[in-house]
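**Q** Following this message is one structure expressed as structure tokens.
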Amino acid sequence: MCTVTTEETTLTLEMGWEGPKESLTFEPEQMKSCLLEMEKPVFVVSLDGRVGMTNEGHPIYGGRTTLLASSRAITPDFLGDASFRQDHGLRYAYSTGAMANGIASEELVIAMGKRGMLGSFGAAGLLPERIESAIATIQAALPNGPYAFNLIHSPNELALERGAVELFLKHGVKTVEASAFMDLTAQIVHYRLAGLSLDEAGHLQIGNRVIAKVSREEVANRFLSPAPEALVAQLLAEGRITQTQAQLASEVPMADDITVEADSGGHTDRRPLMTLLPSIIALRDQAMEKYNYQTPIRVGAGGGIGTPRSAFGAFSMGAAYVVTGSINQGCLESGASQHTKQLLAGARQADVFMAPAADMFEMGVKLQVLKRGTLFPMRASRLYEIYNQYQGIDEIPADERAKLESRIFQRKLDEVWDDVVAYFNRRDPDQIKRAQNEPKRKMALIFRWYLGLSSRWSNVGEKGREMDYQIWCGPSMGAFNEWTQNTYLESWDKRHAADVAEHIMRGASYQWRIQDLRLHGVTLPARLNEYRPESPAI
């Protein structure tokens with residue numbers, strides 16, 4: 001409605017619509033088609049006592065046909081932060097997060113990259129030669145990106161963390177997704193600062209981008225701040241960065257992007273996104289003002305994103321981008337086995353459980369896993385109970401030890417230790433040296449044998465070990481299964497990661513349009529309120 005005031009009178013004009021009346025539809029199914037034409041605006045009009053919808057025509061003041069509401073064209077490339085898309089070379093502000101041990105596989109990263117979305121390779125837990133092979137494969141398929149590699153904090157295996165950074169720098173990996181960090185380490189600071197330079201005009205250039213996954217405010221603050229001076233000085237003294245890079249360190253934050261990780265699969269604090277995301281955005285704003293950075297830091301959302309409505313919710317709260325995880329593990333391109341993907345396709349939101357993590361077992365850190373169809377959560381939890389109860393393997397009562405060997409390890413613990421020694425002699429020999437005279441540490445390494453291999457069994461589909469599969473999973477997997485019920489995506493063997501991403505982003509755009517009309521007072525039939533994946537998007 002428009003009110004025009006002159007010196008003599010006030011004239012109120014209602015908004016109207018002008019266009020071909022034959023384009024108007026009054027049937028719900030045809031209205032759905034109008035709503036799905038998201039490259040075009042949609043108009044809701046009142047004509048002869050009936051409410052119709054069309055993508056044609058335009059608004060006018062006055063006229064015989066009353067315009068009840070309208071929504072402009074809104075497509076997936078509208079959602080999120082434009083600078084995130086531009087800096088990473090993307091079509092959509094959408095990323096598939098890293099899942100360790102190559103679950104977020106080369107195939108997954110390449111498939112996403114070819115569709116203009118960012119995939120992060122699950123480098124955590126892999127040996128250097130396996131990571132190097134993945135770098136070669138991905139760079140050959142995506143020479144200009146986009147892609148990222150995971151750098152996971154490994155407090156018990158710092159040599160691996162350093163080795164991964166050296167590989168990324170050697171092969172020119174320009175984006176890493178830093179996860180599970182509780183504090184900054186020399187490794188992540190080295191990667192960040194080694195990419196700093198000045199162009200010919202003297203402008204600061206950031207060559208190595210960091211996407212930091214965080215679930216705690218104190219960790220977010222570390223990545224929102226410049227690199228700690230002590231670590232900068234250490235790296236400079238060791239000759240790992242230049243004097244120029246050391247001087248530039250104070251001008252940039254440790255991360256370009258902060259992914260707020262809520263109730264996710266794997267390592268998680270199970271924080272609710274609705275409270276955590278606004279808090280981290282506020283911290284970002286404070287950091288921007290405090291340090292006066294040249295380029296804004298972006299804050300995205302991950303954990304619990306498995307449907308268009310959850311993606312829409314994140315974007316509407318101010319997320320610069322969204323990150324999916326659990327739902328990608330159930331897709332054809334992931335490194336998980338067929339049996340695991342079948343279990344994931346049957347998961348519901350309550351079918352998840354917290355269990356001890358292999359990489360931070362001694363610290364009591366837990367991760368979220370699928371409990372449906374596997375006994376891993378209960379068996380892993382029992383191992384942690386025993387670890388806290390005894391000071392070494394030799395203290396475990398004979399009957400308890402027999403149960404461990406027959407039910408969980410399926411072999412003698414002495415044989416397991418021999419495997420552990422062989423493994424760490426290749427990977428990080430210092431681990432064995434430290435355990436030789438520390439019985440409790442030796443017990444931890446033996447128990448971590450089971451925790452580590454259980455995820456590998458899940459990936460390769462180890463026969464006879466199905467009940468021991470460790471399957472990282474959050475409640476978003478159940479929400480995704482509910483959303484895709486009675487559609488072609490209900491079957492796991494029809495799920496392609498890029499296709500799923502297209503539907504989620506297109507559906508989020510659809511939900512934005514529905515909300516736009518709702519805010520104008522339009523109530524639509526219930527069947528029109530949700531986007532459904534009726535056919536492949538790609």
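Nothing in this text is a laboratory measurement; each read-out follows from the coordinates by a stated rule. Keep in mind that what you see is a predicted model, and the values were worked out from it rather than measured. In this analysis, Cβ positions are derived from the backbone assuming ideal geometry, glycine residues included, and neighbour counts consider all displayed protein chains.
**Q** Charges on Cβ only, +1 for Lys and Arg, -1 for Asp and Glu, centred on the Cα centroid of the chain; of Ala98, Ile138, Met363, which one is farthest towards the dipole's positive end?
**A** The residue sitting most towards the positive pole is Met363.
**Q** How much length is gained on full extension from Glu534 to Leu204, taking 0.36 nm per residue of separation minus their Cα-Cα distance? Working shown, then result.
**A** Values: separation 330, 0.36 × 330 = 118.80 nm, distance 4.75 nm.
So the extension gain works out to 114.0 nm.
**Q** Also: So what's the net charge close to Ala537: Lys and Arg +1, Asp and Glu -1, counting the other residues with Cβ under 11 Å from its Cβ? Numbers along the way, then the final one.
**A** Values: positive: Arg115, Arg506; negative: Asp499, Glu502, Glu534.
Within the 11 Å Cβ shell, the charges total -1.
**Q** What order do you get for Leu236, Leu108, Leu184 when you list them from fewest to most C-beta neighbours inside 10 Å? If you can, show how the numbers build up before the last one.
**A** Details: Leu236 17, Leu108 28, Leu184 20.
Least to most surrounded, the residues fall as Leu236, Leu184, Leu108.
**Q** Within the stretch 507-527, find all residues whose amide N lies under 15 Å from a label point positioned 7 Å from the Cα of Thr487 along Cα-to-beta-carbon.
**A** What the label zone holds, given the 15 Å backbone N cut-off, is 507-512, 527.
**Q** Each residue of the stretch 77-86 in turn: what ³J(HN,Hα) in whole Hz from Karplus with 6.51, -1.76, 1.60 and θ = phi - 60°, glycine and Pro shown as x?
**A** 6, 8, 6, x, 8, 4, 5, 5, 5, 5
**Q** A further question on this structure: When ranked by the protection proxy of mean other Cβ atoms within 10 Å per residue, highest first, what sequence do the peptides 488-494, 518-524 form?
**A** Details: 488-494: 15.7, 518-524: 12.4.
Highest to lowest by the protection proxy: 488-494, 518-524.
**Q** How tilted is helix 497-519 with respect to the longest principal axis of the chain? Cα atoms for both, answer in degrees (0 to 90, nearest 10).
**A** Between helix and principal axis, roughly 40 degrees.
**Q** Something else about it: Given points 7 Å out from each Cα along the Cα-Cβ axis, report the Val460 to Met354 separation in nanometres with one decimal.
**A** A separation of 3.2 nm, rounded to one decimal place.
**Q** Pull up all non-local amide H partners of Glu333: gap of 5 or more, or a different chain, and H-to-H distance under 5 Å with H placed in the peptide plane.
**A** Ala497
**Q** Would you calculate, for the chain, the mean residue ellipticity at 222 nm contributed by helices, counting each DSSP H stretch of 4 or more residues as -39,500 (n - 2.57) and dividing by all residues, to the nearest 500? Please list the in-between numbers first.
**A** On the way: 20 runs with 219 residues, N = 538.
Rounded to the nearest 500, it is -12500 deg cm²/dmol.
**Q** Right, next: Which angle from 0 to 90°, rounded to the nearest 10, does the C-alpha axis of helix 413-427 make with the longest principal axis of the chain?
**A** That works out to roughly 70 degrees.
**Q** Something else about it: Which of the GluC sites (Glu not before Pro) found in the stretch 195-224 are loop residues per DSSP with 14 or fewer other Cβ atoms within 10 Å of their Cβ? Write out the running numbers ahead of the final one.
**A** Working: sites: Glu200, Glu217, Glu218; in loops: Glu200.
When the GluC sites (Glu not before Pro) of the stretch 195-224 are filtered for loop state and at most 14 Cβ neighbours within 10 Å, Glu200 remain.
**Q** Would you indicate which of [x] 23.2, 70; [y] 24.6, 91; [z] 26.6, 101 is the value of Rg and Dmax of the Cα atoms in Å derived from the coordinates of this structure?
**A** [z]
**Q** Can you work out ³J(HN,Hα) from phi for every residue in the stretch 278-290, in order, using Karplus 6.51 cos²θ - 1.76 cosθ + 1.60 and θ = phi - 60°, giving whole Hz and x for Gly and Pro?
**A** Using θ = phi - 60°, the values come out as x, 5, 6, 4, 5, 5, 4, 4, 5, 5, 4, 6, 5 Hz.
**Q** To the nearest Å, what is the center-to-center distance of the stretch 49-93 and the stretch 419-441, using C-alpha atoms only?
**A** Comparing the Cα centres of the stretch 49-93 and the stretch 419-441, I get a distance of 60 Å.
**Q** Along the Cα→Cβ direction, 7 angstrom out, place labels at Arg434 and Ser33. What is the inter-label distance in nm?
**A** Taking the two extended label points, one gets 6.6 nm.
**Q** Got the relative contact order for the chain handy, in percent, Cα pairs under 8 Å and 6 or more residues apart?
**A** Details: 1028 pairs, mean separation 75.8, N = 538.
Worked out over the chain, it gives 14 percent.
**Q** With +1 on each Lys and Arg Cβ and -1 on each Asp and Glu Cβ, how big is the dipole of the chain about its Cα centre, in debye rounded to the nearest 20? Walk me through the intermediate numbers first.
**A** Details: 56 positive and 65 negative charges, 211 e Å.
Charge dipole of the chain: 1020 debye, to the nearest 20.
**Q** Residues with amide H under 5 Å of Tyr469's amide H, sequence separation 5 or more or different chain, H placed in the peptide plane at 1.01 Å from N; which?
**A** The answer is Leu375, Phe376.
**Q** Using θ = phi - 60° and the Karplus form 6.51 cos²θ - 1.76 cosθ + 1.60, what ³J(HN,Hα) does each residue of the stretch 442-455 get, whole Hz, x for Gly and Pro?
**A** Karplus values, whole Hz, x for Gly and Pro: 4, 4, 4, 5, 5, 5, 5, 4, 5, 5, x, 5, 4, 6.
**Q** Right, here's the next one. Against the longest alpha carbon principal axis of the chain, how many degrees, from 0 to 90 and to the nearest 10, is the axis of helix 158-170 turned?
**A** Helix 158-170 sits roughly 50 degrees off the main axis of the chain.
**Q** Val522 to Ser197: extension gain in nm, 0.36 nm per residue of separation minus the Cα-Cα distance? Mind showing how you got there, number by number?
**A** Details: separation 325, 0.36 × 325 = 117.00 nm, distance 5.35 nm.
Answer, rounded to one decimal: 111.7 nm.
**Q** Please figure out what share of the DSSP beta bridges in the chain is antiparallel and state it in percent, rounded to the nearest 5.
**A** Details: 31 of 57 bridges.
Bridges in the chain are about 55 percent antiparallel.
**Q** Same structure again: What is the extension gain from Ser133 to Thr242, computed as 0.36 nm multiplied by their sequence separation minus the C-alpha to C-alpha distance, in nm to one decimal? Mind dumping the intermediate values first?
**A** On the way: separation 109, 0.36 × 109 = 39.24 nm, distance 2.89 nm.
Length gained between Ser133 and Thr242: 36.3 nm.
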